[in-house]
Each structure stands twice: as C-alpha cells, then as structure tokens.
Amino acid sequence: MQLFNNISHLCFTFNCMKYRYLLLLLISFCIVHIHSQTLVFAELTGNPVNTTGWNLNGATYIGDTGGDANTSSDEIILTDAINVSSGGIFYNQPIDLSTCYQWKVEFDFRMWEGSAADGIAFCFLDVPPTGFVSGGGVGIPAASNGVFVILDTYDNGCGANPEIQLFQGAGYDECGAGMINRITGLNFLRSSNYQTCLVEYASGTLTVSINGTPYLTGNYNANILGYMGFTASTGGATDKHSIKNVRIYADIATANAGADVTICSGGTAQLGTPNTPNYSYLWSGGPNLSSTTTSNPSVTLTNQTGSPITYTYNLQTTLSNNPTSCPDNDQVLITVNPVFTEAINASICQGSSYSFAGQTFSTAGIYPISFQTASGCDSTVVLTLDVNQIPTTELNQSICQGTSYSFGGQTLTAAGQYSQTLQTASGCDSIVNLNLTVNPTLSSTFNEGICQGDIYPFFGQNLSASGIYSQTLQTSNGCDSIVNINLTVLPIPPAPTIQSNSPVLCPSDLLVMTASSFPNAQYFWSGPQNFSSTSQEISFAVEEIDMGEYSVYVIVDGCQSTPSYSSVSIINLNDFEDFEFPNVITANGDGINDSLDIVGHYKTCQEFNLFIYNRWGQLVFEQTIDSESFTGKDKSSSDLPDGVYFYRLNYSDKTKSGFIHLIR
C-alpha cells in the first residue's frame, strides 16, 4: 500500500503522463515481488570480503575506498582510477534459465575518484571469462555471450550518459542492435557514495532498480546455462569502480545424493541424506531403489560378473512450497564388487619357499586359499606355484688374438672352458659355462704379376710398379686379417718375326710360315677363312681362297706382344676359262710356233687332258700337264700331214674344243 501511495504522490508532484512508464515499472516490480526469493545462492560479504567460489580477473582486487564509513577490506575494487584498466569477478556455479525461472541480484556500487570512465556491468554469461578480462566498454569480453545490465557513465555517442542499459548478445556494443532497453540522463549514478542496485529476473523479464526505485525493464529471450558476475573498465578516462554487499538470491533446493559407496554383491547401500523440510525429491537412474521420492532411499544390488559394476543414481531436488524455485541435481555412484576367484601365478627357486596368506609352500602345485577382501567380500585365490630348477647356460664365444673377454668380473685372454654362477632376474642361481675360442690374426701373401703399362687395383690403390704391398682387413668374426701382395711388373715381349715360303707356285702347294721363338711363349695365328692356330710353325696346302694377310702374336707370362703380319699368295692362278688356243702351228723345226705348248704358253698349274682328232674323228694325239706338247706328231711320234685337226681340252669338270691348222 505504501508503494501505491508513493506513486500517487509522484503523480501530484509531476506530470503523471510523463511518468506513466515509471508507474508501469513499479507495478511490475510489485508483481515480481509476490514470490520474492529468500535463499542466498552466492554472495560477496564479510570483512575481508569472502570470495570463496568467485574468480577474480584483470585488475580486480579486495580493498577499501572512501565510499563508506570504514577502512575495512570489505569492498571489491574492479578497477582503479587509471586509464585502460579493466577487471571482473564471476561466480563459478551456473544457473540454468531453462529450469530456474526466477532470481535476483542485489549489490552496492560506487563509480568515483576520476573523470567518469566506462562504468560497471552485471553480466549473465554462457561461458565465464578466464584470466584477464579484456574487450570493449565496461570490461565485457569481446567473445562473451549473454545478457548485461550496464551502469554506463561515459557517452559513446548513443545516448545521454549516465544511463542504465539492458543488452543481449555476443560481446557488447553500446550502439549495437543487441540493446534491449535503456534509460538515460541519470547523473546520480556516478557518486562518491555507495548506492544500491537490484536486478530481478522472472521468466525472461529483467527489472533494474536503483536505491529502491525501478528504472528499467526488458525481456531476455534466451534460456541458457549461465554464470553471474561483474566487470568494469576505464577506457580512455579514469574512475575507481567498486562493489560491495553482493547477494544473489535464487530459490534452489540443494541436492545431495550422498557419497559414493562400494558394497559386496548382495549388499545394501543407503543413498542421499536425511530429509530437509519443504524439499521434494526425485530419484532416477540405477535399478532397485526402495523409493524414488524420499531423501535417502536404499538399494540392494548383486554382481555375478568377475569385475566390479558401477551404477549411477541421479537426484533432483525442488522446494515443495515454491513452484517457481530452481531445481538442483546431484548424483552418486554405487560400485558393486563380485564374490570373485582370483588366480595368482608364482615361482620360487629350487630349495626356497613361498609365503602366502600365512602359509608356506616349497613344492610346485595348485593351492586354493579363501579370505575376505578389504571391503569385506568373500574371495578365493588360487595359487599356482612353480619351482624353478637351476638353469645352466652354455656359451660359445670367440675373441681376436690380442684382445680380451669379460666374464663374471674376470678378464680372459686365453682359450679354454670357464664357469660362473650368477643370479637370474627372479633371484635364482644360474650357472653359465663359457667355451672361449681365440681367433688368430690371419696373414696371407699372394704373388701377382702385371704387364708393363697395366695397373693392379689393390684396396683403393692402383699399383704399377713391382714391390710388396700390405693391407689390414677384418674377417667376418671381426679379427684382423693382413693381405700381402708381391707384385711383379712383367715386360711386354717384342713382336715375333715371320719366315715364309710365300708366294708358292701353284694352288695346293705346301705353305710353311714360322714365328720366331720365345721361351714359354704362346702363339696365336689368324688369317683368312677364320684361320687360327696356336703353333709356332704353321703349314698347309694353300688354295686361292687362302691367300691374304696372316698375323701372329705371342703371350709370354700373360703379356701380349704386338702382332706381326705376312702375306700369302700363289704365282700361277691362270684358269683355262681365259685361255685362247692358237688356231695354227707351223711344225717345221724353225723354233717359231712349232708346237702347241699349253703349259709353257699359258703358265698354268691346272690339271688337263688334251685330245686331238683328224678330220675323220680319229684320236691322233693325247697330252696331260706332265707329258710332251703337241708338235704335229701322232701318238707314235710320226709326222702328221698338214691339215685341219679338231681338239678337245678337258679340265676340272669343264671342256673347251675347237680346230687347229697344222702347216709344215
């Protein structure tokens, strides 16, 4: 009633039409307060200020200003009165606007001691800032997203400051499209004394009051899980921004599902906590709950597997006497251990023993043992015990002559059998027998020869002079191996001389060619018709196709001489194909054309048979290459009469014939 009386007083004092908007704000303020919150969700109070659950960022710190009557550290200094300073403080527990429909924030604020800087903002963000609070005006981070109540004391060209603004969106822009509502010209906002601000939220509607007077309302149209806090900045001006006596009210019934519990299979666990009056409880999740609506139900669970099973039980708590209260959620984990059988494999050394569960075992075998676990559950452990025999290891090792081998603390240089007793990784004795071999240093010498002018490649060297050369290598077992080369440079033998009976008189005559003699020489002949021979002397019946140039070279001790050459030819190579018989002989004894001398006239070595017939076809004369020439006499050496005679010459497989005139 007193509120409406105050409104009537305002209407009589001022033009009521002008303040109709203010009247509507006050009425909505009254409606909101019908279900006013009484539970404190978070606060910044105390001396010094208790900031448990709050995160301070940027330039923000706990301190004191001249805005109150004490000098206690009961204030949150968001920024000092310096240029380009910003800071913030946020509560680390969120509120979900999709389930929590009503809350309010009350705090005292002061903006003074400078030249009127950006101001203070109350923020409801989907993600709280971490680290230094930076960004645009009023210290709101550029990447923030949510709703802001800004107490703005610096004019950025979008309204007469100081002013109150309601802004929604990503980041903050005083002149941006996210401005929900604003009221300008509130000079009293900047003061040396603390003033009280109240921000109330009810199902998407925000109302801002200063010192008990509602000034601004607006609708926030996004239901998000958000974090509450304050930011401030100075920008290009200066002011000290501070807050105190911060209380956030939200009717939230705190859910407590109890501590996580581990039970044995078939056991019972108690969930939750004792009942709180005016709380409503709703359990969900795991099986076998004794009740889903009591504060502390019980649950009995079994586990027939070989591993623990974990169940999750969820609790939601609301205020039963406040339908607009914010629900709270918690959960508890119940782990159910099985009645299990475990297998243990163990081993001991021969002659030792194994202690387990108060018993001592010294022989190999399988031993079942029953006991209780730390959680009180029955458990059976089956012990499989192995007894390790003393192992013996035989080692065959080798070293190079002049080196050593380390064996069990000994340095060995001689071949032999050695033994050492060691311990295995399990602590058992182990006997190692070593058979050590000493490999000698190997040395080999090779006699090699090269011909004068050649080179001998020897491990990267090109040797061309006689001498002894050495190279140290490693064998496959890593030992030294010395290779010696005794290199001899051998002379090149001279080209052999050739003695030959060429040219021969006739085809099929014997050709003989002999190369000069060299001790231990190899001879290599070559010639026409792929002729080759390795004899010092060559001989064969030469034919026309064998004529040509023959060569021979010698190799002495692997060195090759330059070749020598000799031509082979035949003197008489005439063929009767080219022979023209005379057609007249004058057998008168004057020594001129007295006979048909084929051999003397034609100089041929070709075999032939000459037959001369008279005009009646009678054979009167016959001649071969070895008989007398035709001199006008018959076979009995009688003179033949003058006349024309017929001749036939047979040679090879051919025949020539014609007439000859005999004149005396």
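Read-outs throughout are calculated quantities, based only on the coordinates presented, and are distinct from any laboratory measurement. A quick note: this is a predicted structure, and the numbers were derived from the prediction, not measured. Note that each Cβ is placed from the backbone with ideal geometry, even for glycine, and that neighbours are counted across all protein chains shown.
At a glance:
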| quantity | calculated |
| --- | --- |
| Prolate/oblate/rounded label for region 392-439 (Cα gyration tensor, a/c 1.5) | prolate |
| For residue 488, net neighbour charge (Lys/Arg +1, Asp/Glu -1) across residues whose Cβ lies under 13 Å away | -3 |
| Reachable aspartates and glutamates from residue 633, criterion Cα separation under 20 angstrom, eight or more residues apart if same chain | 590, 594, 597, 622, 642 |
| Label-point separation, residue 321 to residue 177 (7 Å along Cα→Cβ), nm | 4.8 |
| Full-extension gain in nm, residue 70 to residue 343, via 0.36 nm per residue minus C-alpha separation | 91.1 nm |
| R0 of 30 Å, Cβ-Cβ distance residue 84-residue 223: FRET efficiency to nearest 0.05 | 0.25 |
| Cα centre as origin, Lys/Arg/Asp/Glu Cβ charges: the chain dipole, Debye | 3140 |
| Full-extension gain in nm, residue 555 to residue 115, via 0.36 nm per residue minus C-alpha separation | 146.7 nm |
| Theoretical FRET efficiency, 1/(1+(r/R0)^6), r = Cβ-Cβ of residue 132 and residue 355, R0 60 Å, to 0.05 | 0.45 |
| Principal-axis tilt of helix 20-32 within the chain, Cα atoms, nearest 10 degrees | 90 |
| Hz values of 3J(HN,Hα) by residue in region 254-265 - Karplus curve (6.51, -1.76, 1.60), Gly and Pro given as x | 5, 8, 9, 7, x, 7, 4, 10, 10, 10, 7, 4 |
| In degrees, nearest ten, helix 2-13 long axis to first principal axis of the chain (Cα) | 90 |
| Pairwise FRET efficiency - residue 372 versus residue 417, Cβ, R0 = 51 Å, nearest 0.05 | 0.35 |
| Additional length obtainable on full extension of the chain from residue 500 to residue 403, 0.36 nm per residue less Cα span | 27.9 nm |
| Three-way shape label, region 140-216, alpha-carbon gyration tensor, a/c 1.5 | oblate |
| Length-normalised contact order for region 396-444 - Cα pairs under 8 Å, 6+ apart - percent | 45 |
| Length-normalised contact order of region 498-568 in % [C-alpha pairs under 8 Å, at least 6 apart] | 32 |
| Pair residue 442, residue 310: separation of 7 Å Cα→Cβ label points (nm) | 6.7 |
| Overall dimensions of the chain by Cα: Rg and Dmax, Å | 65.9, 196 |
| Pair residue 435, residue 454: separation of 7 Å Cα→Cβ label points (nm) | 4.6 |
| Relative contact order (%) - the chain, alpha-carbon pairs under 8 angstrom, separation at least six | 8 |
| Prolate/oblate/rounded call for region 37-249, Cα gyration tensor, a/c under 1.5 rounded | rounded |
